Amino acid sequence: MSMPSLTLPPFEAGSVWLVGAGPGDPGLLTLLALHALQSADVVVYDALVDERILKLVNPKADLEYAGKRGGRPSAKQPDISKRLVAHAQAGKRVLRLKGGDPFVFGRGGEEALVLAGAGVPFRLVPGITAAIGGLAYAGVPATHRGMNSAVTFLTGHADDGDLPRDVDWEGLVKGSPLLIVYMPIGNLEGLSRRLIQAGRKADEPALLISRATTPDQNVVETTLKTCVADARTGDIQPPALFVVGPSIALHADLDWYGAILKRATKEKPS
Ligand code: SAH
(Lines give C-alpha, C1' and ligand atoms only; values in the text may rest on other atoms or scores of the structure.)
Protein backbone atom coordinates (compact mmCIF):
# COMPACT_ATOMS: atom_id res chain seq x y z
CA MET A 1 0.00 0.00 0.00
CA SER A 2 1.44 3.41 -0.85
CA MET A 3 0.82 6.39 1.35
CA PRO A 4 2.08 9.26 -0.82
CA SER A 5 0.81 12.07 1.35
CA LEU A 6 2.47 10.71 4.47
CA THR A 7 6.11 10.82 5.33
CA LEU A 8 6.55 7.87 7.60
CA PRO A 9 9.87 7.56 9.44
CA PRO A 10 12.31 5.09 7.90
CA PHE A 11 12.72 1.82 9.81
CA GLU A 12 16.48 1.97 10.32
CA ALA A 13 18.56 -1.21 10.21
CA GLY A 14 19.86 -2.03 13.69
CA SER A 15 16.84 -0.57 15.47
CA VAL A 16 13.85 -2.02 17.31
CA TRP A 17 10.28 -0.81 16.96
CA LEU A 18 8.04 -1.75 19.89
CA VAL A 19 4.63 -1.74 18.26
CA GLY A 20 1.10 -2.20 19.54
CA ALA A 21 -1.03 -4.32 17.22
CA GLY A 22 -4.34 -3.40 18.86
CA PRO A 23 -6.88 -5.83 20.32
CA GLY A 24 -7.61 -7.93 17.22
CA ASP A 25 -9.41 -6.24 14.34
CA PRO A 26 -6.65 -5.51 11.78
CA GLY A 27 -8.50 -2.31 10.88
CA LEU A 28 -7.41 -0.92 14.23
CA LEU A 29 -3.70 -1.01 13.33
CA THR A 30 -1.97 2.36 13.06
CA LEU A 31 -0.27 3.42 9.82
CA LEU A 32 3.07 3.25 11.64
CA ALA A 33 2.32 -0.35 12.63
CA LEU A 34 1.46 -1.29 9.04
CA HIS A 35 4.62 0.44 7.81
CA ALA A 36 6.67 -1.55 10.33
CA LEU A 37 4.98 -4.84 9.36
CA GLN A 38 5.93 -4.20 5.76
CA SER A 39 9.53 -3.15 6.32
CA ALA A 40 10.77 -5.33 9.21
CA ASP A 41 13.44 -8.02 8.73
CA VAL A 42 12.36 -9.93 11.82
CA VAL A 43 9.08 -9.85 13.73
CA VAL A 44 9.01 -11.06 17.34
CA TYR A 45 5.33 -11.38 18.24
CA ASP A 46 3.17 -12.27 21.23
CA ALA A 47 0.33 -14.76 21.62
CA LEU A 48 -2.32 -12.05 21.59
CA VAL A 49 -1.45 -10.73 18.14
CA ASP A 50 -4.28 -11.61 15.75
CA GLU A 51 -3.39 -14.07 12.96
CA ARG A 52 -4.87 -11.75 10.35
CA ILE A 53 -2.30 -9.14 11.37
CA LEU A 54 0.57 -11.61 11.02
CA LYS A 55 -0.53 -12.12 7.41
CA LEU A 56 0.43 -8.48 6.75
CA VAL A 57 4.09 -9.15 7.59
CA ASN A 58 6.50 -8.80 4.70
CA PRO A 59 6.88 -12.40 3.39
CA LYS A 60 10.67 -12.02 3.43
CA ALA A 61 10.72 -11.30 7.17
CA ASP A 62 11.40 -13.96 9.81
CA LEU A 63 8.53 -14.54 12.20
CA GLU A 64 9.46 -15.46 15.76
CA TYR A 65 6.92 -16.40 18.43
CA ALA A 66 7.56 -15.06 21.94
CA GLY A 67 4.21 -15.70 23.55
CA LYS A 68 3.46 -17.08 26.93
CA ARG A 69 0.40 -19.23 26.38
CA GLY A 70 -1.41 -21.50 23.96
CA GLY A 71 0.40 -24.67 25.04
CA ARG A 72 3.63 -23.62 23.37
CA PRO A 73 6.79 -23.36 25.48
CA SER A 74 6.93 -19.95 27.10
CA ALA A 75 9.72 -17.52 26.40
CA LYS A 76 11.19 -15.84 29.49
CA GLN A 77 11.14 -12.04 29.56
CA PRO A 78 14.94 -11.53 29.85
CA ASP A 79 15.44 -13.98 26.95
CA ILE A 80 13.04 -12.00 24.75
CA SER A 81 14.77 -8.72 25.54
CA LYS A 82 18.19 -10.29 24.85
CA ARG A 83 16.92 -11.64 21.57
CA LEU A 84 15.76 -8.16 20.51
CA VAL A 85 19.18 -6.70 21.33
CA ALA A 86 21.00 -9.49 19.44
CA HIS A 87 18.86 -9.05 16.31
CA ALA A 88 19.38 -5.30 16.35
CA GLN A 89 23.12 -5.66 16.87
CA ALA A 90 23.17 -8.02 13.87
CA GLY A 91 21.90 -5.06 11.82
CA LYS A 92 18.27 -6.10 11.45
CA ARG A 93 15.11 -4.04 11.49
CA VAL A 94 13.42 -5.63 14.48
CA LEU A 95 9.69 -5.37 14.98
CA ARG A 96 8.55 -6.31 18.47
CA LEU A 97 4.81 -6.76 18.01
CA LYS A 98 2.49 -6.87 21.00
CA GLY A 99 -1.26 -7.14 21.47
CA GLY A 100 -3.01 -3.87 22.34
CA ASP A 101 -0.56 -1.20 23.47
CA PRO A 102 3.01 -2.07 24.47
CA PHE A 103 2.91 0.16 27.56
CA VAL A 104 -0.41 -1.15 28.93
CA PHE A 105 0.20 -4.44 30.76
CA GLY A 106 2.49 -5.32 27.88
CA ARG A 107 5.94 -5.23 29.47
CA GLY A 108 6.94 -2.68 26.86
CA GLY A 109 8.65 -0.62 29.54
CA GLU A 110 10.85 -3.53 30.61
CA GLU A 111 11.92 -4.27 27.05
CA ALA A 112 12.52 -0.60 26.27
CA LEU A 113 14.74 -0.30 29.37
CA VAL A 114 16.90 -3.21 28.18
CA LEU A 115 17.17 -1.67 24.70
CA ALA A 116 18.07 1.73 26.16
CA GLY A 117 20.63 0.07 28.45
CA ALA A 118 22.23 -1.71 25.49
CA GLY A 119 22.33 1.47 23.42
CA VAL A 120 19.95 0.03 20.79
CA PRO A 121 17.86 2.73 19.09
CA PHE A 122 14.17 2.11 19.49
CA ARG A 123 10.78 3.64 18.71
CA LEU A 124 7.51 3.10 20.57
CA VAL A 125 4.38 2.83 18.44
CA PRO A 126 1.24 2.93 20.58
CA GLY A 127 -1.66 0.64 19.79
CA ILE A 128 -5.32 0.58 20.74
CA THR A 129 -5.38 -1.09 24.09
CA ALA A 130 -7.93 -3.86 24.76
CA ALA A 131 -9.93 -1.69 27.15
CA ILE A 132 -10.41 1.11 24.63
CA GLY A 133 -11.08 -1.24 21.69
CA GLY A 134 -13.24 -3.55 23.79
CA LEU A 135 -15.43 -0.77 25.16
CA ALA A 136 -15.87 0.76 21.70
CA TYR A 137 -16.89 -2.59 20.19
CA ALA A 138 -19.22 -3.33 23.12
CA GLY A 139 -20.89 0.08 22.85
CA VAL A 140 -19.80 1.29 26.29
CA PRO A 141 -18.46 4.86 26.43
CA ALA A 142 -15.25 5.02 28.48
CA THR A 143 -16.40 8.39 29.77
CA HIS A 144 -19.94 9.74 29.62
CA ARG A 145 -21.12 13.12 30.82
CA GLY A 146 -23.06 12.80 34.04
CA MET A 147 -22.08 9.14 34.47
CA ASN A 148 -18.33 8.81 34.72
CA SER A 149 -15.55 11.34 34.52
CA ALA A 150 -12.79 8.98 35.60
CA VAL A 151 -11.67 5.61 34.25
CA THR A 152 -9.21 3.10 35.66
CA PHE A 153 -7.37 0.24 33.95
CA LEU A 154 -6.14 -2.38 36.37
CA THR A 155 -5.00 -5.97 36.35
CA GLY A 156 -6.72 -8.84 38.13
CA HIS A 157 -3.55 -10.86 38.05
CA ALA A 158 -0.21 -10.08 39.69
CA ASP A 159 2.98 -11.98 38.82
CA ASP A 160 2.20 -14.66 41.41
CA GLY A 161 -1.36 -15.14 40.11
CA ASP A 162 -3.00 -13.31 43.02
CA LEU A 163 -4.78 -9.97 42.93
CA PRO A 164 -2.25 -7.13 42.69
CA ARG A 165 -1.15 -6.00 46.15
CA ASP A 166 -0.21 -2.45 45.23
CA VAL A 167 -3.81 -1.37 44.55
CA ASP A 168 -5.73 0.80 47.01
CA TRP A 169 -9.06 -1.01 46.53
CA GLU A 170 -11.10 1.26 48.80
CA GLY A 171 -9.72 4.38 47.11
CA LEU A 172 -10.26 2.92 43.67
CA VAL A 173 -13.80 1.77 44.31
CA LYS A 174 -14.74 5.18 45.63
CA GLY A 175 -12.75 7.35 43.23
CA SER A 176 -13.21 5.67 39.85
CA PRO A 177 -16.75 4.98 38.63
CA LEU A 178 -15.56 2.88 35.67
CA LEU A 179 -13.12 0.04 36.27
CA ILE A 180 -11.73 -2.04 33.45
CA VAL A 181 -9.91 -5.12 34.63
CA TYR A 182 -7.35 -6.86 32.40
CA MET A 183 -6.61 -10.55 33.01
CA PRO A 184 -9.65 -11.00 35.26
CA ILE A 185 -10.61 -14.59 34.57
CA GLY A 186 -8.28 -16.61 36.82
CA ASN A 187 -9.27 -14.51 39.85
CA LEU A 188 -12.81 -13.46 39.03
CA GLU A 189 -14.21 -14.71 42.32
CA GLY A 190 -11.56 -13.02 44.48
CA LEU A 191 -11.71 -9.89 42.36
CA SER A 192 -15.46 -9.43 42.60
CA ARG A 193 -15.41 -10.22 46.32
CA ARG A 194 -12.68 -7.62 46.86
CA LEU A 195 -14.63 -4.98 44.95
CA ILE A 196 -17.75 -5.65 47.04
CA GLN A 197 -15.73 -5.66 50.26
CA ALA A 198 -14.21 -2.32 49.27
CA GLY A 199 -17.64 -0.75 48.80
CA ARG A 200 -19.21 -1.57 45.41
CA LYS A 201 -22.74 -2.98 45.52
CA ALA A 202 -23.06 -6.75 45.07
CA ASP A 203 -25.81 -6.27 42.51
CA GLU A 204 -23.87 -3.64 40.55
CA PRO A 205 -23.99 -4.43 36.83
CA ALA A 206 -20.79 -5.63 35.18
CA LEU A 207 -19.78 -6.76 31.72
CA LEU A 208 -17.47 -9.51 30.57
CA ILE A 209 -16.02 -8.96 27.11
CA SER A 210 -13.98 -11.74 25.56
CA ARG A 211 -12.07 -11.69 22.28
CA ALA A 212 -13.06 -8.08 21.80
CA THR A 213 -13.07 -6.65 18.25
CA THR A 214 -12.79 -10.10 16.64
CA PRO A 215 -15.58 -12.10 14.94
CA ASP A 216 -15.65 -14.23 18.13
CA GLN A 217 -16.37 -11.29 20.43
CA ASN A 218 -18.57 -12.43 23.29
CA VAL A 219 -20.19 -9.96 25.67
CA VAL A 220 -21.94 -11.20 28.80
CA GLU A 221 -24.01 -8.91 31.01
CA THR A 222 -23.63 -9.80 34.65
CA THR A 223 -23.25 -8.37 38.18
CA LEU A 224 -20.48 -8.42 40.75
CA LYS A 225 -22.32 -11.11 42.67
CA THR A 226 -23.09 -13.42 39.77
CA CYS A 227 -20.10 -12.94 37.47
CA VAL A 228 -18.36 -16.25 38.16
CA ALA A 229 -21.43 -18.31 37.27
CA ASP A 230 -22.31 -16.04 34.32
CA ALA A 231 -18.77 -16.29 32.92
CA ARG A 232 -19.15 -20.07 32.98
CA THR A 233 -22.60 -20.24 31.43
CA GLY A 234 -21.75 -17.49 28.94
CA ASP A 235 -18.61 -19.40 27.89
CA ILE A 236 -16.26 -16.47 28.51
CA GLN A 237 -12.76 -17.48 27.44
CA PRO A 238 -9.56 -15.49 27.80
CA PRO A 239 -8.53 -13.00 26.63
CA ALA A 240 -11.31 -11.16 28.38
CA LEU A 241 -12.01 -7.92 30.20
CA PHE A 242 -14.19 -7.34 33.25
CA VAL A 243 -15.90 -3.95 33.28
CA VAL A 244 -17.76 -2.40 36.21
CA GLY A 245 -19.41 1.00 36.14
CA PRO A 246 -22.45 3.08 35.25
CA SER A 247 -21.88 3.51 31.50
CA ILE A 248 -22.34 -0.24 31.03
CA ALA A 249 -26.04 0.65 31.00
CA LEU A 250 -25.51 2.14 27.51
CA HIS A 251 -24.42 -1.22 26.06
CA ALA A 252 -28.02 -2.26 25.39
CA ASP A 253 -28.63 0.78 23.13
CA LEU A 254 -25.18 1.11 21.58
CA ASP A 255 -24.26 -2.51 20.80
CA TRP A 256 -23.46 -1.82 17.13
CA TYR A 257 -20.87 -4.57 16.75
CA GLY A 258 -23.06 -7.18 18.44
CA ALA A 259 -25.75 -6.32 15.88
CA ILE A 260 -23.30 -6.82 13.01
CA LEU A 261 -22.18 -10.19 14.38
CA LYS A 262 -25.79 -11.30 14.87
CA ARG A 263 -26.67 -10.33 11.29
CA ALA A 264 -23.62 -12.18 9.98
CA THR A 265 -24.66 -15.36 11.86
CA LYS A 266 -28.20 -15.13 10.47
CA GLU A 267 -26.95 -14.63 6.92
CA LYS A 268 -24.53 -17.55 7.09
CA PRO A 269 -25.94 -20.45 5.03
CA SER A 270 -26.53 -23.35 7.40
N1 SAH B 1 -0.92 -4.87 26.01
C2 SAH B 1 -2.27 -5.41 25.96
C3 SAH B 1 -2.65 -6.15 27.23
C4 SAH B 1 -1.88 -7.42 27.45
S5 SAH B 1 -2.35 -8.22 28.94
C6 SAH B 1 -3.25 -4.27 25.66
O7 SAH B 1 -2.87 -3.10 25.71
O8 SAH B 1 -4.40 -4.57 25.35
C9 SAH B 1 -3.48 -9.42 28.37
C10 SAH B 1 -4.89 -9.06 28.73
O11 SAH B 1 -5.38 -8.06 27.84
C12 SAH B 1 -5.88 -10.20 28.57
O13 SAH B 1 -5.87 -11.06 29.68
C14 SAH B 1 -7.18 -9.44 28.48
O15 SAH B 1 -7.60 -8.97 29.74
C16 SAH B 1 -6.76 -8.24 27.66
N17 SAH B 1 -7.03 -8.43 26.23
C18 SAH B 1 -6.14 -8.40 25.22
N19 SAH B 1 -6.76 -8.57 24.03
C20 SAH B 1 -8.08 -8.70 24.30
C21 SAH B 1 -9.25 -8.89 23.50
N22 SAH B 1 -9.19 -8.97 22.17
N23 SAH B 1 -10.43 -8.98 24.13
C24 SAH B 1 -10.53 -8.87 25.47
N25 SAH B 1 -9.48 -8.69 26.27
C26 SAH B 1 -8.26 -8.60 25.70
Check: Which longest uninterrupted range of the chain lacks any trypsin sites (Lys or Arg not before Pro) assigned by DSSP to a loop state (not H, G, I, E or B) and surrounded by at most 13 other Cβ atoms within 10 Å?
Finding: 202-270
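How much mean residue ellipticity at 222 nm does the chain get from its helices, if each DSSP H run of length 4 or more adds -39500 (n - 2.57) and you divide by all residues, to the nearest 500 deg cm²/dmol?
Working: 10 runs with 85 residues, N = 270.
Mean residue ellipticity, 222 nm, calculated: -8500 deg cm²/dmol.
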Notebook entry, point to check: Taking amide hydrogens as modeled 1.01 Å from N in the peptide plane, which residues meet the under 5 Å criterion relative to residue 44, leaving out close sequence neighbours?
Noted result: 64, 95, 96, 97
Next item on the list: Return the long-range amide H neighbours of residue 206 (sequence gap of 5 or more, or a different chain), with a cut-off of under 5 Å between placed amide H atoms.
Entry: 222, 223, 224
Item checked: Cβ-defined net charge surrounding residue 137, 13 Å radius [Lys, Arg +1; Asp, Glu -1] -> -2
Notebook entry, point to check: Ordering 39, 210 by how much accessible area each has at a 1.4 Å probe, largest first, what is the list?
Noted result: 39, 210
Notebook entry, point to check: How big is the convex hull of the Cα atoms of the chain, per residue, in Å³?
Noted result: 166
Item checked: Phi to ³J(HN,Hα) by Karplus 6.51 cos²θ - 1.76 cosθ + 1.60 over the range 205-216, Hz, x for Gly, Pro -> x, 9, 9, 10, 10, 10, 6, 4, 6, 9, x, 9
Notebook entry, point to check: Among 108, 53, 63, which residue has its Cα positioned farthest towards the positive end of the charge dipole of the range 15-128, with +1 placed on the Cβ of Lys and Arg, -1 on the Cβ of Asp and Glu, and the dipole taken about the Cα centre?
Noted result: 63
Checklist line | Over 21 Å (Cα to Cα) - which of 174/225; 98/262; 174/201; 55/262; 55/268 fall in this group | finding: 98/262; 55/262; 55/268
Next item on the list: Would you mind counting up the charge near residue 61? Only other residues with Cβ under 11 Å from its Cβ, with Lys and Arg at +1 and Asp and Glu at -1.
Entry: 0
Notebook entry, point to check: Does the range 15-128 come out rounded, prolate or oblate by the C-alpha gyration tensor, with a ≥ b ≥ c the root eigenvalues, rounded set by a/c under 1.5 and, if not, prolate when a/b is larger than b/c and oblate if not?
Noted result: rounded
Notebook entry, point to check: Counting DSSP beta bridges in the range 15-128, what percent are antiparallel, to the nearest 5?
Noted result: 5
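Please give the direction-averaged projected area of the C-alpha convex hull for the range 17-60, in square nanometres with one decimal.
Projected over every direction and averaged, the Cα hull of the range 17-60 covers 2.8 nm².
Which net charge results for the neighbourhood of residue 213, defined as the other residues with beta-carbon distances under 15 angstrom from its beta-carbon, given Lys and Arg at +1 and Asp and Glu at -1?
Working: positive: 52, 211; negative: 25, 50, 51, 101, 216, 255.
Spelling it out: positives minus negatives among the neighbours equals -4.
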Next item on the list: In whole Hz, with x marking every Gly and Pro, tabulate ³J(HN,Hα) for the range 257-262 from phi via Karplus 6.51 cos²θ - 1.76 cosθ + 1.60, θ = phi - 60°.
Entry: 6, x, 5, 5, 5, 5
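With every protein chain left in place, what is the accessible area per residue of the range 131-257 in square angstrom, probe 1.4 Å? Display every interim value, and only then the final one.
Values: 6060 Å² over 127 residues.
Accessible area per residue: 48 Å².
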Next item on the list: Name the residues whose placed amide hydrogens come within less than 5 Å of the amide hydrogen of residue 176, ignoring near sequence neighbours (fewer than 5 apart) on the same chain.
Entry: none
Note to self: Which one, 144, 35, 87, has the greatest fluctuation when you compute a Gaussian network model over the chain with C-alpha springs under 10 angstrom?
What the structure shows: 144
Check: Whole-Hz Karplus ³J(HN,Hα) for the range 41-55, in order, using 6.51 cos²θ - 1.76 cosθ + 1.60 and θ = phi - 60°, x for Gly and Pro?
Finding: 8, 9, 10, 9, 10, 9, 4, 7, 6, 5, 4, 5, 6, 5, 5
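The values are calculated or read from the model by the stated rules, or taken from the named source; none is laboratory data. Bear in mind that the values here come from a model prediction, so they are computed numbers and not experimental data. FYI the Cβ positions are ideal-geometry reconstructions off the backbone, even for glycines, and counts take in every protein chain you see. When the accessible area is computed, the model is the full protein with side chains, heavy atoms only, and any ligands, DNA or RNA have been set aside. Shrake-Rupley method; radii C 1.70, N 1.55, O 1.52, S 1.80 Å.
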